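Here is the structure we will look at.
The values are calculated or read from the model by the stated rules, or taken from the named source; none is laboratory data. Keep in mind that this is a model prediction, so the values were computed, not measured. Quick reminder, even Gly has a Cβ in these numbers, built from the backbone with ideal geometry, and neighbours come from all protein chains shown. Side chains included, ligands, DNA and RNA excluded: accessible areas come from the protein's heavy atoms. Shrake-Rupley method; radii C 1.70, N 1.55, O 1.52, S 1.80 Å.
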Amino acid sequence: MLEKLQQWRKPFNNGGKNLAIGPNLTACHSSYGRPDLLVYCCPPGFQTPVPFTDFKFPDPSPVRVRRPAHLLNESFIAKYNKALSIMKSLPYDDPRSFLRQANLHCQFCTGAYEMLNRSGSELNIHRTWMFFPWHRMMIYFHERILGSLIGDDTFALPFWAWDIPDGMTIPDFYVDESSPFFHSQRDFSHFPPRVADLDYSTDDNDPRFDGKEQTETNLAFMYNRMVSGAKKTELFMGCTYKAGDKNCDSPGTIESAPHNTLHTWIGSGLNPGREDMGKFYSAAKDPVFYAHHSNIDRLWEVWRDINDRKLDIDDSDWLNSFFLFYDENLNLVKIKVKDVLDITKLGYSYEEVDRPWLNHRPPPSVPPEQARRIIKLKQNENPVFSSDFRRVLDGKLTVTVNRSVRREKVDEEETVVVYGIVVRGNEYVKFDVYVNLSDDTKMNPKFREFAGTFVHIPGGGRGGQDLKKMKLKLGISELLKDLKADEDESIWVTLVPRTTSCSNVSMEGIKIEYIK
């Protein structure tokens, strides 16, 4: 048995300077689905190494075309219905079964596995640059399994196009109680015709806006997440995560929101943490998870497209990091990040849809010169904190942050960094960040002062309470130009709690950094 295990480990040796990440599939443990709930989602028989094959690209044709879920016809929905029904009927010892598929997300998103050759170093793909490629792999194999169950090699998962106005409600077939797409652990008050809140906060009056205003807010929010706040790779993809790392905990723009916010918006308000979708250990039990993540995957492609692929990662450790999934033929397949960067080679594409958020660059809420005068008066009337502090976010906080104006560094992105963030407790946490906010009645992503948001879904890890220090990095170069503050020596940064749970959030300070 020992010899067999050593042979299984050998191809993944991370010795020397190779810091590529991979899972040790024979080292699976109970983990925390939320800080107060220990879960066990390890596959049966994981202790025994299973032979694997290296990933091979599929035949180039036919191409599986993923379409917007709100545009699907009855014929496709019936086909998907059949495939999902069969998947849900498979026994648990079949890795193609729906519950085994759902538990993949639990295994890799709660630290159930250790990193290979790194005993005690748990593997978690959220809040890192592994977020996009791992979910692409999961969706890829899930899609092919569904197609194989009905003998259709053209089958493609739909995507929930929540970033365009016509797709911002949950697609109708997911709320049909007689279908396998329905899931009882959802917030029924968010069913159609309710427009999704991409910037969702559980403590706000629900809904905050009517459908039309919510749509406009969503589009402005998407502009922040995809364009102005995502001008550098780290800001969009998340922090660097390599073998042995313990401190990478800074998600990219899309992962933080609308990814986290929509998980929470869909989940049931009657359950702890708004499970099932509201917690990562249980999220993939809801069929809408797969349409949600198809759109996340599509947006990765869109971001690469609008940046002409110039921001792609070329780090060999990232490219050679790998995971293992069962394919439609019950083969265990080792697939590397570099294998999933060209969706054409993977044999699928996305039907083109409009990108209306590209044209929603928000205006200042107050003319910049007027805002400057208001801020100066407020500074004289009320003290503000310096940028180096330690405190709990139990109320709105405004901080004066000094900045170094770098006119010559044209390729650098200026960022606001909130550092040393620690979240205690079991609750969903959200706070927003504004720059040079002069009118408190206009705290809304529709206005230029909105710099971004911190969204945290607690849970994961074998230690229960996760008290790692996190960072929030927000790109603000475009924002400063629009506010005519790009040559100022300092800026006002305001943190606005959006959930009462922010009283469980502490931080060490705020500073300016520049990303090349």
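Show me the strands (runs of 3 or more DSSP E) entirely contained within region 46-150 in which 3 or more residues are within 30 Å of Ala27 (Cα to Cα).
Correct list: 113-115, 118-122.
Check whether at least one residue in region 208-224 is within 24 Å of Leu299 (Cα to Cα), at pLDDT 95 or above, assigned to a loop (DSSP other than H, G, I, E, B) and charged (D, E, K, R), and report yes or no.
no
If we scan region 130-144, do we find a residue that is over 22 Å from the mean Cα position of the chain (by Cα) and open to solvent by 10 Å² or more (accessible area, probe 1.4 Å)?
Yes, region 130-144 has at least one match.
Considering only residues that are of a type in the set (D, E, K, R) and touching a Lys or Arg at 6+ places or on another chain (Cβ under 9 Å), look in region 120-163 and name the one that is farthest from Asn73 (Cα to Cα).
Glu122
In region 154-165, is there at least one residue being open to solvent by 10 Å² or more (accessible area, probe 1.4 Å), more than 21 Å from Gly33 (Cα to Cα) and out of contact with any strand residue (DSSP E or B) (no Cβ under 9 Å at 6 or more places or on another chain)? Before the answer, list the steps.
Quick first cut of region 154-165, residues open to solvent by 10 Å² or more (accessible area, probe 1.4 Å) only: 154, 164-165.
Right, trim to more than 21 Å from Gly33 (Cα to Cα) and you get 154, 164-165.
After this cut, where a residue has to be out of contact with any strand residue (DSSP E or B) (no Cβ under 9 Å at 6 or more places or on another chain) as well, the list is 165.
Yes, that holds for at least one residue.
Out of the residues in region 398-438 that are of a type in the set (Asp, Glu), open to solvent by 40 Å² or more (accessible area, probe 1.4 Å) and touching a residue at least 40 places away in the same chain (Cβ under 8 Å), state the one that is nearest to Thr264 (Cα to Cα).
Glu427
Can you name every residue in region 27-45 that is in contact with a strand residue (DSSP E or B) (Cβ under 9 Å, 6 or more places away or on another chain), outside any loop (DSSP other than H, G, I, E, B) and open to solvent by less than 60 Å² (accessible area, probe 1.4 Å)?
Ala27, Cys28, Ser31, Tyr32, Gly33, Val39
Kindly establish whether Arg390 is in contact with a His (Cβ under 8 Å, 6 or more places away or on another chain), open to solvent by 30 Å² or more (accessible area, probe 1.4 Å) and at pLDDT below 95.
So Arg390 fails the test.
Just give me the residues in region 46-60 being free of Cβ contacts under 8 Å to residues at least 60 places away in the same chain and not hydrophobic (A, V, I, L, M, F, W, C), in sequence order.
Answer for region 46-60, where residues must be free of Cβ contacts under 8 Å to residues at least 60 places away in the same chain and not hydrophobic (A, V, I, L, M, F, W, C): Gln47, Thr48, Pro49, Lys56.
Inspect region 287-301 for any residue being open to solvent by 10 Å² or more (accessible area, probe 1.4 Å) and farther than 30 Å from Asp94 by Cα and give the result as yes or no.
yes
Tell me, which helices (runs of 4 or more DSSP H) lie completely within region 239-335 with 2 or more residues that are under 18 Å from the mean Cα position of the chain (by Cα) and of a type in the set (Asp, Glu)?
Because the criterion is at least 2 residues that are under 18 Å from the mean Cα position of the chain (by Cα) and of a type in the set (Asp, Glu), the helices (runs of 4 or more DSSP H) in region 239-335 that meet it are 288-306.
Please work out if Phe173 is assigned to a helix (DSSP H, G or I), touching a Phe, Trp or Tyr at 6+ places or on another chain (Cβ under 8 Å) and either open to solvent by 10 Å² or more (accessible area, probe 1.4 Å) or assigned by the TED database to the domain that holds Arg298 (or both).
yes
Only residues that are at pLDDT 95 or above, surrounded by fewer than 19 Cβ atoms within 10 Å (Cβ to Cβ) and of a type in the set (Asp, Glu): list them for region 339-387, please.
Passing the criteria: Asp342, Glu351, Glu352, Asp354.
Identify the single condition in (1) under 15 Å from Pro258 (Cβ atoms); (2) surrounded by 23 or more Cβ atoms within 10 Å (Cβ to Cβ) that Gln214 does not satisfy, given that it satisfies every other one.
So the condition that Gln214 fails would be (2).
So which of Ser85, Ser89, Ser61, Ser121 ends up being out of contact with any strand residue (DSSP E or B) (no Cβ under 7 Å at 6 or more places or on another chain) and at pLDDT below 95?
Step by step, each of Ser85, Ser89, Ser61, Ser121 is checked, and only Ser61 is out of contact with any strand residue (DSSP E or B) (no Cβ under 7 Å at 6 or more places or on another chain) and at pLDDT below 95.
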